[in-house]
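Scroll down for the structure; my scribbles are underneath it.
The values are calculated or read from the model by the stated rules, or taken from the named source; none is laboratory data. Please read all numbers here as calculations on a predicted model, not as lab measurements. Cβ: placed from backbone, ideal geometry, glycine included. Neighbour counts: every protein chain shown. For accessibility, only protein heavy atoms count, side chains too; no ligands or nucleic acids. Shrake-Rupley method; radii C 1.70, N 1.55, O 1.52, S 1.80 Å.
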Amino acid sequence: MCLCTAGALYATRPDGAIVEKTVNNNLNSNRTMNENLNLTQKWDKVFPKSDKVNQSKVTFRNRYGITLVADLYIPKEQVAEKMPAIAVSGPFGAVKEQSSGLYAQTMAERGFLTIAFDPSYTGESGGEPCYVASPDINTEDFCAAVDYLSIRDDVDPERIGIIGICGWGGMAINAAAIDTRIKATVTSTMYDMSRVNANGYFDSMDADARYELRKQLNAQRTVDAKNGSFALGGGVVDPLPVDAPEFVKDYHSYYKTDRGYHERSLNSNGGWNKTSALSFINMPLLAYSDEIRTAVLLVHGEKAHSRYFSEDAFKKLKGDNKELLIIPGASHVDLYDNQAGVIPYDKMERFFRANLK
């Protein structure tokens, strides 16, 4: 088992100890064992620690054999032997120490057992090479989180929900379409990563533009093969250009400042591998979303550039247990943290209590 971080790679020995190994991002990297180290146990989140919950680090594996690392949040005042549980991940290119951890901790304060996990290939989770995204594997990450929660003695396996933020909103909807164990799904400021990669923002790309994109990405594959490494696409642009779009300024205000910067966050640093977009272009995430029978709540900001993703996804959903909530005046990034005080935690709590029963 290996766990990749921004600066190191960890492996678990047969005796359970976690050891640090040197790593580079080469196709055929050589690794040598160094000293024994644990995964980060200090509180290194970008949000304050709550005195109402207990937090610890846990691991579990997805069906591709990749080990995922998550923060577990349990209310200190546990009111039932078996609790409703929620798995949280996102945004796309973030880590569990950022938005997903804040959502998980807050929902734990409200009586749910929660986990915020790093998706495969990112943060402290495993998978090689690091910094790769996959519509299939990252959807499976949510299902693996449900595996983990389902077999905990303190969780009611019939009351498990998920929250997907930004690009992991699309993954969450895809997971809800395939995993009938998920009884309720919330997306917040959702991105449809297949659509934005294949069509560009606001569906500005046609087939010719998409063909040129494929050519560029496949040319990059050749370069990577020759170099024996994977070129990174770069995280959020820094310094910020004067003429940057407003939503890029919003991303910068979160990922590149003390507000949300984290050393393991892709968006705060070097970004995804350049070729990560390839698999999304040909694999529509929301193809079977109209077959989701369980409850879904889509939350988006009124002023978010990405609002159309949630609005169009909602149109495809069927049943009277689906809801779209537009937050007045909120931007895309306003729903990453509660700096603007607009994340509808009360609504989310009511939604989960109504549907995890």
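Annotations
- Summed over the stretch 154-185, the residues that are surrounded by fewer than 20 Cβ atoms within 10 Å (Cβ to Cβ) and in contact with a His (Cβ under 8 Å, 6 or more places away or on another chain) give a count of 0.
- Of the candidates Y261, Y255, Y201, the single residue that is open to solvent by 70 Å² or more (accessible area, probe 1.4 Å), of a type outside the set (D, E) and under 30 Å from K42 (Cα atoms) is Y261.
- Test result for I151, open to solvent by 10 Å² or more (accessible area, probe 1.4 Å), without any contact (Cβ under 8 Å) to a residue 12 or more places away in the chain and either out of contact with any Gly (no Cβ under 7 Å at 6 or more places or on another chain) or acidic (D, E) (or both): yes
- Residue within the stretch 277-284 that is in a loop (DSSP other than H, G, I, E, B) and either crowded, with 21+ Cβ neighbours inside 10 Å or more than 20 Å from the chain's Cα centre (by Cα) (or both) present: yes
- Flag if P119 is at pLDDT 95 or above, under 27 Å from A354 (Cβ atoms), part of a loop (DSSP other than H, G, I, E, B) and open to solvent by less than 10 Å² (accessible area, probe 1.4 Å): no
- Breaking point among (1) in contact with a strand residue (DSSP E or B) (Cβ under 7 Å, 6 or more places away or on another chain); (2) assigned to a loop (DSSP other than H, G, I, E, B); (3) open to solvent by 40 Å² or more (accessible area, probe 1.4 Å), for F314: (2)
- Condition check for H332: within 20 Å of the chain's Cα centre (by Cα) and under 27 Å from I182 (Cα atoms): yes
- Tally of residues being open to solvent by 50 Å² or more (accessible area, probe 1.4 Å) and modelled with pLDDT of 95 or more across the stretch 331-346: 2
- Residue in the stretch 319-330 that is among the small types (G, A, S), open to solvent by less than 20 Å² (accessible area, probe 1.4 Å) and outside any helix (DSSP H, G or I) present: yes
- Any hit, the stretch 237-253, residues being in contact (Cβ under 8 Å) with a residue 12 or more places away in the chain and among the basic types (K, R): no
- Exactly one residue out of K76, K49, K82 is closer than 26 Å to R350 by Cβ, open to solvent by 20 Å² or more (accessible area, probe 1.4 Å) and in contact with an Asp or Glu (Cβ under 6 Å, 6 or more places away or on another chain): that is K82.
- Inter-residue pairs, beta-carbon under 6 Å, first under 24 Å from S253 (Cβ atoms) and in the stretch 338-351, second assigned to a helix (DSSP H, G or I), 6+ apart: A340/D334; V342/D334; I343/L335; Y345/T106
- Test result for P75, without any contact (Cβ under 8 Å) to a residue 40 or more places away in the chain and in contact with a helix residue (DSSP H, G or I) (Cβ under 8 Å, 6 or more places away or on another chain): yes
- Criterion (among the aliphatic types (A, V, I, L, M), at pLDDT 95 or above and farther than 30 Å from R159 by Cβ) met by exactly one of L232, L286: L232
- Set side by side, the residues E124, E128 differ, and just one is surrounded by fewer than 22 Cβ atoms within 10 Å (Cβ to Cβ) and in contact (Cβ under 8 Å) with a residue 24 or more places away in the chain, which is E128.
- Check on A104, more than 30 Å from Q339 (Cα to Cα), in a helix (DSSP H, G or I), in contact with a strand residue (DSSP E or B) (Cβ under 9 Å, 6 or more places away or on another chain) and aliphatic (A, V, I, L, M): no
- When every residue of the stretch 214-221 is checked against the conditions, at least one turns out to be under 30 Å from H262 (Cα atoms) and either open to solvent by less than 60 Å² (accessible area, probe 1.4 Å) or β-branched (V, I, T) (or both).
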